[in-house]
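Worksheet: the structure to be examined is printed underneath.
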Amino acid sequence: MRITKSLSRAMAAAGFLLASGTAAMAAGDAGGGVCAPKSMPAHTEPHWSFQGVFGHYDHDAALRGFEVYRNVCAACHSLKLFAFRNLAELGATEDEIKGVAALYEVPDQPDDEGEVKPRPARPADRFPSPFPNEKAAAAANGGALPPDLSLILKSRAALENHVSNILGGYMAPPAGCDIPEGKFYNAYFPGYAFGMAPPLTEGAVEYNDGTPATVAQMTKDLTQFLAFVAEPTLEERKQMGVKVVFFLIILTVLLFLVKRQVWRKVH
Amino acid sequence: MSTPEFNNPIVKWIEYRLPIFSMMHHEMHEYPTPKNLNYFWNFGSLAGFVLVIMIVSGIVLSMNYTAHVDYAFASVERIMRDVNFGWLVRYIHMNGASFFFIIVYIHIFRGLYYGSYKAPRELLWILGVIILLLMMATAFMGYVLPWGQMSFWGATVITNLFSALPLVGEHIVTWLWGGFTVDNPTLNRFFSLHYLLPFVIAGVVILHLAALHQHGSNNPLGIDIKQKGDTLPFHPYYTIKDLFGIGVFLTIFVAVICFAPNYMGHPDNYIPANPLVTPTHIVPEWYFLPFYAILRAIPDKLGGVLAMFAAIAVLFVLPWLDRSPIRSAKFRPIYFVLFWVLVADCILLGFCGAKPPEGIWVILSQLGTAYYFAHFLVLLPLLSLYERPINLPLSISSPKASASEPQAV
């Protein structure tokens with residue numbers, strides 16, 4: 001009895017190993033046949049400012065992207081790793097940060113009666129999540145949990161293009177492709193039936209600096225902001241890299257010359 | 001061996017009680033090193049250097065890491081964001097693991113090419129294979145610690161392998177997990193062992209060095225040291241050469257850390273572990289891919305597990321599979337070809353391990369696996385019998401003279 005149980009479990013596990021890839025492909029194919037887009041919508045920026053050796057964030061765009069996040073995305077998506085004080089790294093002043101934080105409420109410490117009351121958020125607070133827990137978030141969104149966006153541009157295969165792909169991937173489904181009620185056809189979503197309605201509409205936010213809030217503009221700004229949230233130390237890292245690599249190249253050349261000097265008589 | 005004279009009274013006082021200075025003098029100044037070592041001999045000291053980097057960066061990380069399923073992922077992100085230079089330490093440690101394997105794999109293939117595993121260096125080689133095994137265990141458990149999706153599912157798949165063992169398999173898996181699934185007790189013990197094993201590695205490295213210094217380094221010609229002119233004192237000749245190698249390594253290492261720190265990682269591991277959602281495609285870190293391909297090449301689970309372990313185990317007996325008295329592939333025309341075919345085979349297996357196991361990739365991994373074992377178990381023993389080596393040079397100092405010297409080393 002025990003042996004059969006362990007055998008069946010072993011086989012199931014082996015099958016899982018061997019079939020996991022196949023099953024994924026099969027699932028893709030099932031949706032793929034008729035639903036595969038005829039051509040992918042062209043929309044992504046070929047090069048983001050934060051790519052490359054000298055890469056840096058576009059601070060103004062990232063601050064605009066924060067406006068898009070908090071006015072649109074934050075209705076459903078949490079951003080748990082982001083604190084208001086992080087905006088300082090994008091050049092926001094202390095007063096601006098205090099001002100925007102105060103627009104939100106977070107639970108205070110229990111008072112002397114043990115009651116937890118809300119208080120206005122401070123710069124050190126993390127951005128409050130729209131739902132109390134993941135179950136509530138999924139329940140409010142037709143069973144599909146809106147993912148936390150803190151690391152969205154580091155944790156998907158398309159990396160920094162993921163958000164612009166998804167936001168630019170909505171289109172009419174190809175003929176013969178049935179998309180279930182409450183789902184939306186998205187050329188970049190695996191299986192194509194995507195749970196999020198197209199979130200951005202022209203003028204969804206009003207930018208303080210007067211930049212016209214087109215969907216393409218908001219997508220770019222949001223990518224700058226979310227890339228910053230995913231990797232806030234990128235600029236420091238790349239600047240350090242340029243200096244240290246420059247130093248190391250010189251050091252290595254000098255070491256090579258010393259080596260040659262030491263070995264001069266041997267050859 | 002002469003004992004050096006020390007003049008400094010403090011050095012003298014210590015030397016009289018603990019002969020550490022004469023030991024250092026012996027290892028650095030008198031230790032005779034073949035003068036013809038090429039740059040492939042840099043990778044041993046380089047591996048030791050990276051081990052130190054890994055231990056130091058790991059100790060600092062552990063001061064800020066929380067080994068609990070609810071906090072592990074967040075504590076790593078806190079290191080990345082709020083700990084001063086935490087991102088640097090974490091990226092050093094994360095990429096250091098990959099570079100450690102790159103260096104050690106080159107070091108191992110260097111040993112294979114120049115026959116460094118042959119008498120009298122069999123134990124030196126075996127200690128090295130033990131280090132490789134310990135490194136693999138350490139790297140695997142370290143990858144679990146950030147508690148991302150690949151951490152969790154990699155741990156699940158790999159620990160489940162032991163369930164293939166008959167009778168005791170399931171008990172072993174429960175014992176490894178500390179429960180009935182990969183959970184908090186698993187994470188805690190992996191953290192504990194991940195902290196312990198590097199020091200075990202350091203211990204075996206000391207044995208590896210002791211065995212090395214018994215007979216000294218092999219060399220590109222694979223012939224023994226015959227006269228004083230064949231060797232150089234380790235210091236300053238190889239200390240400066242190793243330092244130059246460390247300079248080259250650090251330049252590349254820092255460039256990767258600063259410009260592409262996640263290149264060798266997997267994006268899924270930035271998703272917090274979720275036992276209810278299986279990633280569509282579970283892959284281990286790149287340095288395990290050839291072994292993963294061997295595991296999946298065998299259609300039977302137990303067979304796959306055994307083949308994977310056998311792929312390492314075969315290295316332990318390599319000194320007795322390759323009976324050719326000639327060490328260096330330079331003087332073994334057929335072995336030279338087989339060596340490069342083996343390198344290509346391992347790279348092929350690496351690609352197979354990264355692909356979903358279907359279609360052509362299954363067949364390629366099966367062929368690759370078959371060839372891997374055929375190389376060690378069939379071709380090498382046969383080669384020892386039938387290969388006609390090229391004449392060896394007389395000595396390291398006179399590499400051109402060979403003529404009709406006898407073949408024996």
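Residues that are open to solvent by 10 Å² or more (accessible area, probe 1.4 Å) and of a type in the set (Val, Ile, Thr) were ranked within the range A:206-232; the one that is nearest to the other protein chains (Cβ to nearest Cβ) is A:Thr219. Working only within the range B:20-50, note down all residues that are within 30 Å of B:Asn95 (Cα to Cα) and either open to solvent by 60 Å² or more (accessible area, probe 1.4 Å) or assigned to a helix (DSSP H, G or I) (or both). Of everything in the range B:20-50, those that are within 30 Å of B:Asn95 (Cα to Cα) and either open to solvent by 60 Å² or more (accessible area, probe 1.4 Å) or assigned to a helix (DSSP H, G or I) (or both) turn out to be B:Tyr39, B:Phe40, B:Trp41, B:Asn42, B:Phe43, B:Gly44, B:Ser45, B:Leu46, B:Ala47, B:Gly48, B:Phe49, B:Val50. Number of residues in the range A:238-267 that are more than 7 Å from every other protein chain (Cβ to nearest Cβ) and either in a helix (DSSP H, G or I) or in contact (Cβ under 8 Å) with a residue 40 or more places away in the chain (or both) equals 11. Does at least one position in the range A:56-78 carry a residue that is of a type in the set (A, V, I, L, M), in the same structural domain as A:Asp221 (by TED's automatic domain parsing) and part of a loop (DSSP other than H, G, I, E, B)? Yes, the range A:56-78 contains a residue that is of a type in the set (A, V, I, L, M), in the same structural domain as A:Asp221 (by TED's automatic domain parsing) and part of a loop (DSSP other than H, G, I, E, B).
Restricting attention to the range A:94-107, the residues that are closer than 17 Å to A:His59 by Cβ and open to solvent by less than 70 Å² (accessible area, probe 1.4 Å) add up to 2. Checked against the criteria, B:Ile201 counts as in a helix (DSSP H, G or I), more than 27 Å from A:Leu257 (Cα to Cα) and touching a Leu at 6+ places or on another chain (Cβ under 7 Å). Would it be correct to say that A:Glu235 is under 30 Å from B:Tyr91 (Cα atoms), of a type outside the set (Gly, Ala, Ser), more than 9 Å from every other protein chain (Cβ to nearest Cβ) and touching a Leu at 6+ places or on another chain (Cβ under 7 Å)? It is false that A:Glu235 is under 30 Å from B:Tyr91 (Cα atoms), of a type outside the set (Gly, Ala, Ser), more than 9 Å from every other protein chain (Cβ to nearest Cβ) and touching a Leu at 6+ places or on another chain (Cβ under 7 Å). For the range B:371-388, the set of residues classified as under 24 Å from B:Tyr292 (Cα atoms), in contact with a helix residue (DSSP H, G or I) (Cβ under 8 Å, 6 or more places away or on another chain) and open to solvent by 30 Å² or more (accessible area, probe 1.4 Å) consists of B:Tyr371, B:Phe373, B:Leu377, B:Leu379, listed by residue number. Which residues, taken from the range B:270-306, are under 18 Å from A:Ser155 (Cβ atoms), free of Cβ contacts under 8 Å to residues at least 24 places away in the same chain and more than 8 Å from chain A (Cβ to nearest Cβ)? Correct list: B:Leu276 only.
Which of the following residues is at pLDDT 95 or above, assigned to a helix (DSSP H, G or I) and open to solvent by 30 Å² or more (accessible area, probe 1.4 Å): B:Val69, B:Val104, B:Val56, B:Val76? First the steps, then the outcome.
Numbers: B:Val69 fails: assigned to a helix (DSSP H, G or I); B:Val104 fails: open to solvent by 30 Å² or more (accessible area, probe 1.4 Å); B:Val76 fails: open to solvent by 30 Å² or more (accessible area, probe 1.4 Å).
Result: B:Val56 is the single residue among B:Val69, B:Val104, B:Val56, B:Val76 that is at pLDDT 95 or above, assigned to a helix (DSSP H, G or I) and open to solvent by 30 Å² or more (accessible area, probe 1.4 Å).
Of everything in the range B:190-249 that is of a type in the set (D, E, K, R) and open to solvent by less than 20 Å² (accessible area, probe 1.4 Å), the residue that is farthest from the other protein chains (Cβ to nearest Cβ) is B:Asp230.
Among the residues of the range B:220-249, those that are among the acidic types (Asp, Glu) and under 21 Å from A:Lys259 (Cβ atoms) comprise B:Asp230, B:Asp242.
Just to be sure before I move on: is B:Ser62 open to solvent by less than 40 Å² (accessible area, probe 1.4 Å), small (Gly, Ala, Ser), within 14 Å of chain A (Cβ to nearest Cβ) and farther than 20 Å from B:Trp286 by Cβ in the structure I sent? The answer is no for B:Ser62. Within the range B:172-189, the set of residues being assigned to a helix (DSSP H, G or I) and open to solvent by 30 Å² or more (accessible area, probe 1.4 Å) comprises B:Ile172, B:Thr174, B:Trp175, B:Leu176, B:Asn184, B:Pro185, B:Asn188, B:Arg189. Being within 14 Å of chain A (Cβ to nearest Cβ), open to solvent by less than 40 Å² (accessible area, probe 1.4 Å) and touching a strand residue (DSSP E or B) at 6+ places or on another chain (Cβ under 7 Å) is the requirement here; does B:Gly169 meet it? No, not satisfied. The set of residues in the range A:184-201 that are surrounded by 15 or more Cβ atoms within 10 Å (Cβ to Cβ), farther than 16 Å from A:Cys35 by Cα and of a type in the set (A, V, I, L, M, F, W, C) comprises A:Met196, A:Leu200. Evaluate the range B:116-138: report whether one residue or more is part of a helix (DSSP H, G or I), among the hydroxyl-bearing types (Ser, Thr, Tyr), within 20 Å of B:Val104 (Cβ to Cβ) and open to solvent by less than 40 Å² (accessible area, probe 1.4 Å). There is at least one residue in the range B:116-138 that is part of a helix (DSSP H, G or I), among the hydroxyl-bearing types (Ser, Thr, Tyr), within 20 Å of B:Val104 (Cβ to Cβ) and open to solvent by less than 40 Å² (accessible area, probe 1.4 Å).
The values are calculated or read from the model by the stated rules, or taken from the named source; none is laboratory data. Just so you know, these numbers come straight off a predicted model, no measurement behind them. Neighbour counts are summed over all protein chains in view; Cβ atoms, including those assigned to glycine, are modelled from backbone coordinates with ideal geometry. With ligands, DNA and RNA removed, areas are computed over all heavy atoms of the protein, side chains included. Shrake-Rupley method; radii C 1.70, N 1.55, O 1.52, S 1.80 Å.
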